[in-house]
Amino acid sequence: MFPGLSDQLRIRNEKGLKRKRLILESPQETHVSIAGHEYLAFCSNDYLGLANHPELIHSACEGAHQYGVGSGASHLINGHTAAHHELEQALARFVGFPKALLFSTGYMANIGIMTALLGRQDAVFADKLNHASLNDAALLCGAKFFRYRHLDLVQLEQRLATSRARRKLVVTDAVFSMDGDIAPVSKLTALCEKYQAMLLLDDAHGFGVLGKQGKGILFSLDHGYLHTPNIIYMATLGKSAGVFGAFVAAQTNVIETLIQYARSYIYTTATPALLAHTLQKSLMLIELETWRREKLQQHIALLKQALQSLRWQLLPSQTPIQPLIVTENDIAVWLSDALRKKGILVPAIRPPTVPQGLARLRISLSASHSKEDIDRLTTALWELSRYS
């Protein structure tokens, strides 16, 4: 036994911070089954409602018949199939980069990027509200690690101007996963060009949702597609794309360097080819079915209007991530539990995931939700606000 583990867990539980897992008994959808009970769910990152799409299920079966179930080896041995190769080419075209590289998860992609490209002579400049994977990657790569205040480009520029690092990398979420706000990519790009830095954009929550045809943050800017050789673009494929995995898109020399040096790519078994086969169909649906993004925007507007005078306030997010700030941990947990008793799943997010005093309900909207689903949630929140 490791000493102190029981006390550590007890203290976390007493603070209302102990995490618990739900066991899903149905497909990932807006209406799910858990422990024999049906719930309306606002807790999935399946923003476009593709995770249980019949065409993707058909493609997965088709891929399994063609490639089997397991890949059997890493990409650099013999686990890299035609399906993986074709998907990488399709992803590169989709987001407008010369090359793309598949990773098993966004976490592994971020770690692979930074540990392959940076070392002790280099520096990472990170937004303070970045995802944990970006922070962990910065620590693992051995570079000097500077965190600037959330969206504070003045402080970032001061850090960049005084840095004498061999290589400089600015890293940021494109859409911040707990606040739902969007990074000022044009301004970040300009700063990086001015100080000869690279920019790593983690578009896990923007890919499929933002931009023309769902192509992500770089296609959502007023002046059209933003492209510079300084950008390294990472997006995940288990959220809006509805399947699993992640990819990095960049200039050819960056991708080739990752293939040679990214340990989280080299030393892991390739994801099953059936998933890569399925994701080609997913890309097609993301591009063609624009009504999904239109419906999301309608849901966002409806939710905001219905809750505008509620005692707890939504953060100013225009994305499917709609955080309802309740400040105290116990209130967040109480609200989440009370909603669950009403058959509605909304997770309570507490420290250390978010800062102290900013506990919240993280409402995640999907194109698969209906107007009636939104009405049911907002009615329940208004009822509960009278009892807390």
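The values are calculated or read from the model by the stated rules, or taken from the named source; none is laboratory data. Model, not experiment: these values are computed from the prediction. All Cβ positions, glycine included, derive from the backbone under ideal geometry; neighbour counts span all protein chains shown.
Please go through segment 126-152 and pick out each residue that is farther than 16 Å from Leu201 by Cβ and small (Gly, Ala, Ser).
Ala132, Gly142, Ala143
Going by what's in this entry, would Thr319 be described as touching a His at 6+ places or on another chain (Cβ under 9 Å) and within 30 Å of Gly211 (Cα to Cα)?
yes
Within segment 313-345, can you find the residues that are in a loop (DSSP other than H, G, I, E, B), surrounded by fewer than 17 Cβ atoms within 10 Å (Cβ to Cβ) and either on the phi > 0 side of the Ramachandran plot or in contact with a Ser or Thr (Cβ under 8 Å, 6 or more places away or on another chain) (or both)?
Gly343, the sole residue that qualifies.
Per-residue answers, yes or no, for (1) surrounded by fewer than 19 Cβ atoms within 10 Å (Cβ to Cβ); (2) assigned to a helix (DSSP H, G or I); (3) at positive phi:
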{"site": "Leu76", "(1), (2), (3)": "yes, yes, no"}
{"site": "Glu86", "(1), (2), (3)": "yes, yes, no"}
{"site": "Ala100", "(1), (2), (3)": "no, no, no"}
{"site": "Met108", "(1), (2), (3)": "no, yes, no"}
{"site": "Gly112", "(1), (2), (3)": "no, yes, no"}
{"site": "Ala116", "(1), (2), (3)": "no, yes, no"}
{"site": "Arg120", "(1), (2), (3)": "yes, no, no"}
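Quick check on segment 358-366. Is at least one of its residues out of contact with any strand residue (DSSP E or B) (no Cβ under 8 Å at 6 or more places or on another chain) and modelled with pLDDT of 95 or more?
yes
Just give me the residues in segment 24-57 being outside any loop (DSSP other than H, G, I, E, B) and either free of Cβ contacts under 8 Å to residues at least 24 places away in the same chain or hydrophobic (A, V, I, L, M, F, W, C) (or both), in sequence order.
Residues satisfying the conditions are Leu24, His31, Val32, Ser33, Ile34, Leu40, Ala41, Pro54, Leu56, Ile57.
Among the numbered conditions (1) of a type outside the set (D, E, K, R); (2) within 17 Å of the chain's Cα centre (by Cα); (3) surrounded by fewer than 20 Cβ atoms within 10 Å (Cβ to Cβ); (4) in the same structural domain as Leu365 (by TED's automatic domain parsing), tell me where Gly238 comes up short.
Single failed check for Gly238: (4).
Does Arg292 satisfy the criteria of being modelled with pLDDT of 95 or more, surrounded by fewer than 22 Cβ atoms within 10 Å (Cβ to Cβ) and in contact with a Leu (Cβ under 8 Å, 6 or more places away or on another chain)?
It is true that Arg292 is modelled with pLDDT of 95 or more, surrounded by fewer than 22 Cβ atoms within 10 Å (Cβ to Cβ) and in contact with a Leu (Cβ under 8 Å, 6 or more places away or on another chain).
How about segment 241-268: which of its residues are assigned to a loop (DSSP other than H, G, I, E, B), aromatic (Phe, Trp, Tyr) and surrounded by 17 or more Cβ atoms within 10 Å (Cβ to Cβ)?
Matches in segment 241-268: Phe244 only.
Taking the condition of being in contact (Cβ under 8 Å) with a residue 40 or more places away in the chain and touching a Gly at 6+ places or on another chain (Cβ under 6 Å), how many residues in segment 183-206 meet it?
Of the residues in that region, 2 qualify.
Here are the criteria: (1) in contact with a strand residue (DSSP E or B) (Cβ under 6 Å, 6 or more places away or on another chain); (2) closer than 22 Å to Gly206 by Cα; (3) touching a residue at least 40 places away in the same chain (Cβ under 8 Å). Tell me which single one Ala123 does not satisfy.
Ala123 satisfies every listed condition except (2).
Say whether the condition of being surrounded by 15 or more Cβ atoms within 10 Å (Cβ to Cβ) and in a strand (DSSP E or B) is met by at least one residue in segment 299-309.
Checked segment 299-309: no residue is surrounded by 15 or more Cβ atoms within 10 Å (Cβ to Cβ) and in a strand (DSSP E or B).
Please go through segment 1-23 and give me each residue that is aliphatic (A, V, I, L, M), surrounded by fewer than 10 Cβ atoms within 10 Å (Cβ to Cβ) and in a helix (DSSP H, G or I), ordered by number.
Leu5
Can you find even one residue in segment 35-56 that is modelled with pLDDT of 95 or more, surrounded by fewer than 16 Cβ atoms within 10 Å (Cβ to Cβ) and among the aliphatic types (A, V, I, L, M)?
No, segment 35-56 has no match at all.
Read through the list (1) touching a Leu at 6+ places or on another chain (Cβ under 6 Å); (2) assigned to a helix (DSSP H, G or I), then give the number of the only condition that Met284 fails.
Checking Met284 against (1) touching a Leu at 6+ places or on another chain (Cβ under 6 Å); (2) assigned to a helix (DSSP H, G or I), the one that fails is (1).
Filter segment 151-187 down to the residues that are touching an Asp or Glu at 6+ places or on another chain (Cβ under 6 Å) and part of a loop (DSSP other than H, G, I, E, B), then identify the one that is surrounded by the fewest Cβ atoms within 10 Å (Cβ to Cβ).
That would be Arg166.
Which one of Ala64, Ala60, Ala73 is in contact with a Gly (Cβ under 7 Å, 6 or more places away or on another chain) and touching a residue at least 40 places away in the same chain (Cβ under 8 Å)?
Result: Ala73 is the single residue among Ala64, Ala60, Ala73 that is in contact with a Gly (Cβ under 7 Å, 6 or more places away or on another chain) and touching a residue at least 40 places away in the same chain (Cβ under 8 Å).
For segment 218-225, check the following and say yes or no: at least one residue is at positive phi and either outside any helix (DSSP H, G or I) or among the aliphatic types (A, V, I, L, M) (or both).
yes
If Ala190 satisfies all but one of (1) surrounded by fewer than 20 Cβ atoms within 10 Å (Cβ to Cβ); (2) outside any helix (DSSP H, G or I), what's the number of the condition it fails?
(2)
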